[in-house]
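Okay, so here's the structure we're looking at.
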Amino acid sequence: MTAIEMLERLKKSYPGALIEAISDDNVHFNVVVESEAFKGLSRIEQHQHVMKVFDVELKSGEVHALSLKTKSI
């Protein structure tokens, strides 16, 4: 998975959100998602929400590390 592929999947999962996905090696990713979908959710719940989008890749090791910053807008 590339950072561009990750960004596209996040855009589909969180329409209208402000999203940033960066990776130097396509294994370790830094992601920022600001979305209305997070309204009323704790930070942990927000992170779990995003991690579900990449469940298969995280379990297979394709995405080794996913650093998240989330915020409700």
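Quick notes on this one:
- Dipole of the chain computed with +1 at Lys/Arg Cβ and -1 at Asp/Glu Cβ about the Cα centre; of Ala37, Ala3, Thr70, farthest Cα towards the positive end is Ala37.
- Residues with amide H under 5 Å from that of Val63, placed H, sequence gap 5 or more: Leu58
- Coarse-grained scattering of the chain at q = 0.15, 0.21 Å⁻¹, given as base-10 log I(q)/I(0) from a Debye sum over alpha-carbon atoms: -0.43, -0.85
- Spatially proximal lysines relative to Lys59 (Cα-Cα < 20 Å; intrachain offsets below 8 disregarded): none
- Partner lysines whose Cα lies under 23 Å from the Cα of Lys39, excluding those fewer than 8 positions away in the same chain, are identified as Lys11, Lys12, Lys52, Lys69, Lys71.
- Selection of trypsin sites (Lys or Arg not before Pro), the chain, meeting DSSP coil and at most 13 other Cβ within 10 Å: Lys39
- Looking at the chain, the GluC sites (Glu not before Pro) that sit in a DSSP loop and have at most 16 other Cβ atoms within 10 Å of their own Cβ are Glu62.
- Considering only the chain, percent of DSSP beta bridges that pair antiparallel, nearest 5: 40
- For the chain, the mean residue ellipticity at 222 nm estimated from helices alone is -11000 deg cm²/dmol, where every DSSP H run of n ≥ 4 contributes -39500 (n - 2.57) and the total is divided by all residues, rounded to the nearest 500.
- Over the chain, relative contact order from alpha-carbon pairs under 8 Å, at least 6 apart, %: 35
- Electrostatic dipole magnitude of region 6-73 [Cβ: Lys, Arg +1; Asp, Glu -1; Cα centre; debye, to 20]: 280
No value in this document is a laboratory result; all are computed from the given coordinates. What you are looking at is a predicted structure, and each value in this text was computed from that prediction instead of being measured. Note: ideal-geometry Cβ built from the backbone for every residue, glycine included; neighbour counts use all protein chains shown.
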